Each structure stands twice: as C-alpha cells, then as structure tokens.
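No value in this document is a laboratory result; all are computed from the given coordinates. As the structure is a computational prediction, the values presented were derived from the model and not from experiment. Please note: Cβ atoms are built from the backbone with ideal geometry, for glycine as well, and neighbour counts cover all protein chains shown.
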Amino acid sequence: MRNAQPEIYALLERYVTTFSQRGHQVKSLYLWSQAPGTGKTTTASALLNEYILAAVNSHISDGVRPPEQPAYFLDVNELQTLYNEFARPHVPPEFAERSASHYYAKIHAAKKAMFTVFDDIGVRTATDGFRGDLHNIINERVANNRPSIYTSNLAIEEMTHVFDARLFDRMRDQCQAVHFAGESKRGKR
C-alpha cells in the first residue's frame, strides 16, 4: 500500500511528528476510500499506536505518570450493534443490560481518550438515538480539542446524508480528508 500511494504515507509521516511537538494541536484525519480493504483501518491502528508511544514518552520525560488509556479504538459498527441489542423491543433484560453496559462504557472511553479512532463510521444508516449519541461523542471531542481519526467507505461530505449537517460540520472541524485509492488488498498477501 505504501508503494502504491507514497504521497499519502509521506503526509502521514509528517502527521506523526506532530504527536511529539509541544504546544501543537494535533489535527484530526478522515481516511476514506470507496473500496474496502485499502488499508484505512490498518493505517488508523498504526497511527493510534504511534500516538500512544508519543504520549507515554512525553509523560515519562516530564516525570508524570502516563494516562492509563491515552488512545481508544472505537468500532462504530460494533457500537451500533450494541445499541440495537438493547434499544429494540422484546430483548430479554439480561441481554439488554449487558449490551447497554458495554455500549456506555465504549462511549465514555471514546469521549475521554486523548486520541480516538472511529473505525467504519457511516457504513450503516442510524436511528435518531444512535446518531444523537455519536454526535455527543464527537461534539465533546471537538469542543475539548481532542483529535480523532475516522475511517469510512464514504467521502466526508456524504456524512450529511448518513447522519446530518451538524455532525458532518463537527467531524470536518480541524480535520483533513485523505483518500485511499485502489482495490482491496485483502487476500493478496
């Protein structure tokens, strides 16, 4: 993937250097391609790991204990499945309670982490309730200058159709869209 799109990886290498720059506000990224399997999630995971290393190193060099969870990976599709498991009618209470507990724990972690990846955002239509919860997470992150990485199979402008203009507007704040070209690389290793 790196050889096929060297300009993207050059940009991402520069992006990683911002993780260690004192006083610099790390921006958000929106990694997208219409095709699945082009390396968006793998790249987002690698960036998340780089952020964790930079955060831990920074805290240690300052003589401060690093945060327990400086970064968080949120599978938005999984979050929506958890929402559906407790929000549908006639779900047995023991299943609904367990799903709701996991759901709200993930929301809390995604809000509070210094850096969060939102993987596969916008791949499914959303109910008003789920959309509201997702809006709440993203809004809190933007309001507190916490960078995020979003991965999707849709261009960022299409988030207005999947969610709404307000959520799209918050997602694009301090965010650079990066398009991954090509076809799926899965199964071709």
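Could you go through segment 15-35 and let me know if any residue there is without any contact (Cβ under 8 Å) to a residue 60 or more places away in the chain, exposed (fewer than 14 other Cβ atoms within 10 Å of the Cβ) and in a helix (DSSP H, G or I). Working first, answer last.
Of all residues in segment 15-35, those without any contact (Cβ under 8 Å) to a residue 60 or more places away in the chain come to 15-24.
Filter again for exposed (fewer than 14 other Cβ atoms within 10 Å of the Cβ), leaving 17, 21-24.
Next cut, in a helix (DSSP H, G or I) only: 17.
Within segment 15-35, one or more residues are without any contact (Cβ under 8 Å) to a residue 60 or more places away in the chain, exposed (fewer than 14 other Cβ atoms within 10 Å of the Cβ) and in a helix (DSSP H, G or I).
Can you go through Tyr104, Tyr72, Tyr83, Tyr150 and tell me which one is of a type in the set (Ser, Thr, Tyr) and surrounded by fewer than 16 Cβ atoms within 10 Å (Cβ to Cβ)?
On the way: Tyr72 fails: surrounded by fewer than 16 Cβ atoms within 10 Å (Cβ to Cβ); Tyr83 fails: surrounded by fewer than 16 Cβ atoms within 10 Å (Cβ to Cβ); Tyr150 fails: surrounded by fewer than 16 Cβ atoms within 10 Å (Cβ to Cβ).
Testing whether each residue is of a type in the set (Ser, Thr, Tyr) and surrounded by fewer than 16 Cβ atoms within 10 Å (Cβ to Cβ) leaves just Tyr104.
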